[in-house]
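See below for the structure under consideration.
The values are calculated or read from the model by the stated rules, or taken from the named source; none is laboratory data. Quick caveat, the model's predicted, so the values are computed rather than measured. Virtual Cβ from ideal backbone geometry, glycine too; neighbours counted across all protein chains shown.
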Amino acid sequence: MGDRSGGRQPHLRPTTDGDAYCWGRDNRGQLGNGTAHSGNQNHVPLPVDTSQLPADTTWRWISAGDELSCAISTAGALYCWGSFVGNSWLSPVAIDTSGLRSGTTFRYVDVATSGTHICAESTAGVAYCWGVDVFGQLGDDPVFRDRYLPQAPVAYAPCPRPDRSATVIVGTVDTGVPNRADALGCTINDLLNDDAPTGSAAFLRHVGAVTDQLVGDGLLTVREQGTIVRASIRIG
């Protein structure tokens, strides 16, 4: 659980029971209690309205911007309320993540101080950002395109030239492991060859981190992981 809100934003915090209370500025419904306070502020903590959410919804993490608040439920679902790029919600609404990998859940979310863009980290460790991109704040490409659904930033974007090998190649060693692509379009070879020279301790650590993640994502079996790591050690 956490609270990364600044002094100008509403104050939010989950309780030890996972309930959420908000107080402060409420001109756009950013307190999530079902109404927008006519006086634009509220000095008394009010519970976030979960009446329209799945039964027994509780909260893990909350973040607030100028006119928007977002939260992660203990089930890993992502919700927001308040005002955001032309939309206005007085109570939490689920963010549409249908374009992401099936089963994606979240552990952290941060609303920018401006309230115009949001970033969240999935439980798999992938960062997603969406909203206004006039200054490139989404980090996904140099085109500065606004995005209104979660979009992975550039480091996790689909690989522009995916490796076409049928099997995983480590250095010049063919491991025989199928060269599968992940949900973002990157093959195992792409990920293994990313930003680390072969024959170095940095490369070996990189291979270990990548293969651990790919096992967790279901792209590699533990046996295949061992084959790749052994090949890495041979050329290291």
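Restricting to the stretch 146-179, what's the tally of residues that are modelled with pLDDT of 75 or more and either within 21 Å of the chain's Cα centre (by Cα) or crowded, with 17+ Cβ neighbours inside 10 Å (or both)?
7
Take the conditions farther than 21 Å from G115 by Cα and among the polar types (S, T, N, Q) and apply them to Q52. Does it pass?
yes
Between residues in the stretch 34-47 that are part of a loop (DSSP other than H, G, I, E, B) and residues that are modelled with pLDDT of 85 or more, which pairs lie under 7 Å by C-beta distance while being six or more apart or on different chains?
Pairs that qualify, where the first residue is part of a loop (DSSP other than H, G, I, E, B) and the partner is modelled with pLDDT of 85 or more, are G34/D49; G34/L90; G34/S91; T35/L90; A36/G29; A36/L90.
More than 17 Å from L78 (Cα to Cα), among the acidic types (D, E) and either surrounded by fewer than 17 Cβ atoms within 10 Å (Cβ to Cβ) or modelled with pLDDT under 60 (or both) - does that describe any residue in the stretch 13-29?
yes
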